[in-house]
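Taking it in order: structure first as structure tokens, then the write-up.
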Amino acid sequence: MEADGGSSGLAKSAAVKLSEMGQRTKQFGTAMKDPHQQRRIMLVIVCVALLLDNMLYMVIVPIIPDYLADLEIEQSEHIHIAMHLNSSVNSTSQDKSNKDNLDVQIGVLFASKAILQLLVNPLSGTFIDRVGYDIPLLIGLTVMFVSTCIFAFAENYSTLFVARSLQGLGSAFADTSGIAMIADKYTEESERSKALGVALAFISFGSLVAPPFGGVLYEFAGKRVPFLVLASVCLADGVLLLTVIKPFSNRTRENMPVGTPIYRLMIDPYIAVVAGALTVCNIPLAFLEPTIANWMETTMHSSKWEMGLTWLPAFFPHVLGVYITVKLAAQHPNLQWFYGAVGMVIIGASSCTVPACKTFGQLIAPLCGICFGIALVDTALLPTLAFLVDVRHVSVYGSVYAIADISYSVAYAMGPIVAGQIVHNLGFVQLNLGMGLVNVLYAPALLLLRNVCQMKPSHSERDNLLEEAPQGLYDTIRMEERKGKKKGYSSAENCLPVDENGFDPFRGQRSLSEESSGPEYT
């Protein structure tokens, strides 16, 4: 009887636990249906994707040069044995030629990701505008997972090159759709700035922590381990995307609004100014990353750990810059252009002072200044791109953030290839002075954005037309349906930033009186 009582108690206990688990699962499912909870989880998924992409971009910095050098040694052992019979002059010349060839291979490998990303972005932006943001994000994560696994098991240069190029393909989808999804879900300017600021902090953390992360694991666990760790995180992020956002769930796509074509966004003068600023402000970082280690070794005889930790302290001022800009933008949103201009001046001044540094401690200050300035520019101008699309075009964000990704890719595609040639032909000092001067000279161009906030974005009209709060891209469909019944509303397609007299500086006419039709539908 005691045995029967014990078994009955165990059965009741198991039933209670199952019931509690069922309740928790039900509560979790209910919470996942809450738009605000979904939005937060979406932000986590996007931030992890951006973290992974930037860690993959930078984790190879301490691994690949050493790994390729080992491969070069293995492949040329028989040549060195033959060369031993020849003169020492010929041997020295051959060694120098091999080193130059290795430097070229490393530069091309590093740049291949940004080059392919640059080529694919115009297509990925249009694709994102057509199908939404979640499916392209899943495609990007899948390609990144495959490329990371290839990196882990690659044993020759050609396979590494394929893996690096595949990463660029994945980034073109994941980065663009992720940032565009944030802009779409966070429609209020203050919330959008905060969310994009969080995403930028993850980007910075991934870029700056990846080299020491990769270097330590490569040293103690081998080449495969850092890539397998990142592949596991990428897989988990993809599974979370599938379970929470459910990109393949049945959803009406037939009436999805058609976003403004990317070529029209590119010739928009305001968007062009922002894109140029994003490229120029990232040039110092993109050009210094492949050149500063050799300069530190030759001028200040830095150790390997110092070269590996060069950029890590800059993470903290970058996060500080994001925080300050978000706070200032919440209080004075009409001064976003000014925050970006100040950031470019700080970048220019910091870049010019880099060659004057004589010790590792001195070098940290200007590098922190560069990252602080980049944080100001990115945090101020990335939300401005979404604002410009809301005001002047259709509120679909894939193409405009593809343009932003193109801006970054231009800088990082040129960096590994062009920077070394400039240092070789002109010198490290001239490289930094040139980059600093370009940033300072470009800063006044942001004055063209000073009147952008004179008009309210189109989502304020959307709030009036919809009975409940907007949820992002798909609300535009319902807005246009209501607008078909209500006359007197003008579309966001031709809304223009104007001054206090209603005058647009680029078109030279009073744009408030313009009439326009709504966006097309597929």
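List of remarks:
- Distance between the 7 Å Cα→Cβ label points at N425 and V104: 1.6 nm.
- For the stretch 144-270, the normalised intensity computed at q = 0.19, 0.22 Å⁻¹ comes to -1.28, -1.44 (log10 of I(q)/I(0), Debye sum over alpha carbons, equal scatterers, no solvent).
- For the Cα trace of the stretch 139-182, dividing Rg by the Kirkwood Rh returns an Rg/Rh value of 1.08.
- Computed E for V244/S165 - FRET, C-beta separation, R0 22 angstrom, nearest 0.05: 0.15
- The stretch 384-426-the stretch 148-213 distance, computed between alpha-carbon centres (Å): 14
- Peptides 384-394, 61-71 ordered by average Cβ neighbours within 10 Å, highest first: 384-394, 61-71
- Peptide packing for 373-379, 147-153 was compared via the average number of neighbouring C-beta atoms within 10 Å per residue; ordered from the highest value, the list is 373-379, 147-153.
- Dipole of the stretch 140-200 computed with +1 at Lys/Arg Cβ and -1 at Asp/Glu Cβ about the Cα centre; of F161, G197, G178, farthest Cα towards the positive end is F161.
- Spin-label pair V131-R40: with each label point 7 Å from Cα along the Cα-Cβ axis, the two points sit 3.1 nm from one another.
Laboratory data are not the source of any read-out in this text; all were calculated from the coordinates shown. Here the structure is a predicted model, which means the values were calculated and not measured. Reconstructed Cβ throughout: ideal geometry from the backbone, glycine too, with neighbour counts over all protein chains shown.
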